[in-house]
1. Pairing the Cα long axis of helix B:12-40 with the longest principal axis of chain B, what angle in degrees results, from 0 to 90 and rounded to the nearest 10?
2. Which value, in debye to the nearest 20, describes the size of the charge dipole of the protein assembly as shown about its Cα centre when Lys and Arg Cβ atoms bear +1, Asp and Glu Cβ atoms bear -1, and nothing else is charged?
3. Which cross-chain or sequence-distant (5 or more) residues have an amide H under 5 Å from the amide H of residue B:101, H modelled 1.01 Å from N in plane?
4. Would you pull out the residues with amide H under 5 Å of residue B:90's amide H, same chain only if 5 or more places away, H placed 1.01 Å from N?
5. Suppose every Lys and Arg Cβ carries +1 and every Asp and Glu Cβ carries -1, with no other charges. What dipole size does the stretch A:19-148 come out with about its Cα centre, to the nearest 20 debye?
6. Among B:124, B:59, B:94, flag the residue with its Cα farthest along the positive direction of the charge dipole of the stretch B:43-139, charges on Cβ as +1 for Lys/Arg and -1 for Asp/Glu.
7. Give me a comma-separated list of calculated 3J(HN,Hα) values for the stretch A:63-68, in order, Karplus coefficients 6.51, -1.76, 1.60 applied at θ = phi - 60°, integers in Hz, x for any Gly or Pro.
8. Kindly express, to the nearest 10 degrees and within the range 0 to 90, the angle between helix A:74-86's C-alpha long axis and the longest C-alpha principal axis of chain A.
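Please treat every number below as a calculation from the coordinates, not as lab data. Everything quoted here is computed from the prediction, not taken from an experiment. Quick reminder, even Gly has a Cβ in these numbers, built from the backbone with ideal geometry, and neighbours come from all protein chains shown.
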There are 2 protein chains.
Amino acid sequence: MSVKTSTCPSGNEKVILFGLLMDTNARLAKGLNEELEKACRLPLAWFDALLQLRKAESGRLKMNELANAIVHSTGGTTRLIDRLYEAGFVAREQCPTDRRAIYVTITAAGNAKLDDALTTHLEFLQDTMADRLSGVERETLSTLLAKLNAH
Amino acid sequence: MSVKTSTCPSGNEKVILFGLLMDTNARLAKGLNEELEKACRLPLAWFDALLQLRKAESGRLKMNELANAIVHSTGGTTRLIDRLYEAGFVAREQCPTDRRAIYVTITAAGNAKLDDALTTHLEFLQDTMADRLSGVERETLSTLLAKLNAH
DNA sequence: CTATGTTAGTTGCTAATACAACTATTTACA
DNA sequence: TGTAAATAGTTGTATTAGCAACTAACATAG
């Protein structure tokens with residue numbers, strides 16, 4: 001029994017699209033993670049956290065903002081930042097206006113590591129993306145993903 | 001310092017596209033996982049494994065084929081199938097031509113559970129996808145993801 | 001001002017996954 | 001045929017992440 005002939009004929013196209021999104025992401029993430037580990041000894045989760053910190057307008061994020069940006073639980077983010085702190089890539093700052101809150105900032109070492117990792121990242125994307133999608137196609141894909149990702 | 005003005009100006013558009021893909025996937029997967037847990041008590045990983053088994057032409061997959069289909073390690077797949085077996089959703093069959101290999105098949109209970117989950121899944125996709133992307137846009141997105149996912 | 005509720009972050013616990021080492025089997029080839 | 005290499009799957013171990021309970025701080029209503 002194939003999916004096509006199963007109980008939900010009408011929405012099948014969406015199931016397939018969603019499956020394709022998950023699969024594409026999983027394979028690319030796996031490939032990038034391997035590359036980053038090999039070339040930079042940097043787990044993808046660390047890369048993502050550092051990238052989100054750099055992307056932040058103010059150059060820093062509160063724990064819960066970071067957790068949301070990397071789509072982790074707050075507990076998981078606490079531990080992740082513990083590890084990044086151990087490695088010297090981030091620092092914690094008290095928030096002057098709210099003593100519950102903590103700002104996470106990227107350190108010079110963190111920035112250097114991120115630059116390094118971005119080089120690897122770009123090589124990887126060049127290899128996996130450049131010859132598969134044209135510039136126009138990449139732009140279209142971006143637009144569609146952004147629409148789909150609207151919160 | 002924003003990403004735009006940092007060390008890799010030329011490939012930035014790709015970094016952003018990739019980030020968008022990861023982020024979109026993470027948020028949708030998280031949402032779907034919550035829905036499936038709530039409505040069916042079925043983890044997304046179980047759903048994915050059952051769906052891959054149903055999608056298989058022969059109605060069954062060897063362990064390593066399944067591992068590849070769900071993008072897991074073989075070790076992780078062994079444990080996942082252990083759990084699905086405990087729950088009665090899959091069975092293991094010896095391969096008659098290769099005594100090392102094991103076929104994983106979906107049981108009647110597994111099929112019933114998957115049908116149930118697909119209903120939830122479709123409702124979720126209807127909510128998150130239908131009003132954000134048109135039919136044509138979904139088709140375009142599928143095409144582009146398939147190109148990007150070429151192995 | 002105090003009490004109640006909400007928010008930010010951490011910690012204990014558990015579950016899930018990857019990696020590497022291992023066994024069993026098959027394949028290649030000399 | 002006999003041995004080495006490759007392949008399929010499992011298991012020990014460590015890492016990682018989520019959830020729920022917890023503490024501390026802030027906000028709001030009385």
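1. The angle comes out near 40 degrees.
2. On the way: 38 positive and 38 negative charges, 96 e Å.
For the protein assembly as shown, the charge dipole is close to 460 debye.
3. Correct list: B:95.
4. Correct list: B:85, B:107.
5. Values: 17 positive and 18 negative charges, 101 e Å.
It works out to roughly 480 debye.
6. The Cα lying farthest towards the positive end belongs to B:94.
7. 3, 6, 5, 5, 4, 5
8. 60 degrees
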